[in-house]
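Structure, as structure tokens:
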Amino acid sequence: MQRTDVETGATQVGMEAPPTFPCSICGEPATRICVWCTKDACDNHICGKCHRCSDCCECELIRVSPEQSS
Ligand SMILES: [Zn+2]
Ligand SMILES: [Zn+2]
Ligand SMILES: [Zn+2]
């Protein structure tokens, strides 16, 4: 049986992920940067209104907290 020579030098290119920084909060590939602290944050941890990360965003602080009747 004749077997063809297997290509030893397989080309492994095109699978490298782009140089992205991990989210400073969850560690996922960050797609944006906080405009306040310039930290890397993923799309889930960046505010679409103020473009700040969850640590700097003050939009969530404005939200009314439900009164806890004890
Ligand atoms: Zn994140
Ligand atoms: Zn921030
Ligand atoms: Zn915000």
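Less than 5 angstrom separates the built amide H of residue 37 from those of 53, all sequence-distant by 5 or more or on a different chain. Give me the one-decimal nm value for the distance between modelled label points at residue 16 and residue 49, 7 Å along each residue's Cα-to-Cβ direction. For residue 16 paired with residue 49, the spin-label model returns 4.1 nm.
Bear in mind that the values in this text are calculations on the coordinates, not laboratory data. As the structure is a computational prediction, the values presented were derived from the model and not from experiment. When we count neighbours, we look across all protein chains shown, and the Cβ atoms used for this are built from the backbone with ideal geometry, even at glycine.
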